[in-house]
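The values are calculated or read from the model by the stated rules, or taken from the named source; none is laboratory data. Just so we're clear, the structure is a prediction, and the values are computed from it rather than from any experiment. Every residue, glycine among them, receives a Cβ derived from its backbone with ideal geometry; neighbour counts consider all protein chains shown.
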Amino acid sequence: MDAPANLKQAQRTAAVISGSFIMSVVIYGVVVNVFRVSQAPFEGFVKLAQIELVRIALWAYTAVVLLLIPFMRRVLLTRPPGADERSAAARLSRCAVITNALAETPAVLGFVLVLLNGLYLDFYVLAAVSILLILLYFPRYEAWEEWVKQRP
């Protein structure tokens, strides 16, 4: 397989994976709404007395993730001298998957808040943040092609 075809295939695979991350956030939303409807009023499984501290910690962790994503992308996309296009495609794919995993974190944290104390609004906001991050960093072929053409 030649290099441009390899890059295109890697981008398509990364795009499918990104779509899967979006679908996982949607599935969290479906599960949250099933709890909400089937066990109304669902107030969580644990009902922590110190939920505000946990909530603040999880929102702070979300802020850390928001700051971590650009840093991690810079690190992951740093090319060693003499890197070929095949290794560039692998580097871009790896970066896309790690970015998506980090971008999904706010939705997972929101899901935890629902499971603990039934904090739906937190989940909806954090899930929206996750989807926006995934879309923001969605693997676009033109951007990948431009990155590959740049020399270290």
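Among the candidates 86, 151, 73, the residue that is surrounded by fewer than 19 Cβ atoms within 10 Å (Cβ to Cβ), farther than 26 Å from residue 27 by Cα and at pLDDT 95 or above is uniquely 73. Close contacts from region 16-37, counting a first residue that is within 14 Å of residue 111 (Cα to Cα) and touching a residue at least 60 places away in the same chain (Cβ under 8 Å) and a second that is assigned to a helix (DSSP H, G or I) and aliphatic (A, V, I, L, M), with Cβ to Cβ under 7 Å and a gap of 6+ residues or different chains, come to 25/107; 25/127; 25/131; 28/107; 28/127; 29/127; 32/114; 35/114. Name the single residue, out of those in region 112-146 being not in a helix (DSSP H, G or I) and not hydrophobic (A, V, I, L, M, F, W, C), that is farthest from residue 90 (Cα to Cα). Restricting to residues being not in a helix (DSSP H, G or I) and not hydrophobic (A, V, I, L, M, F, W, C), the top hit is 118. If the condition is being closer than 30 Å to residue 145 by Cβ and part of a loop (DSSP other than H, G, I, E, B), then region 40-93 contributes 77, 78, 79, 80, 81, 82, 83, 84. Residue under question is residue 24, and the condition is that it be part of a helix (DSSP H, G or I), surrounded by 12 or more Cβ atoms within 10 Å (Cβ to Cβ), polar (S, T, N, Q) and modelled with pLDDT of 95 or more; does it hold? Here the answer is yes, as residue 24 does meet what is asked.
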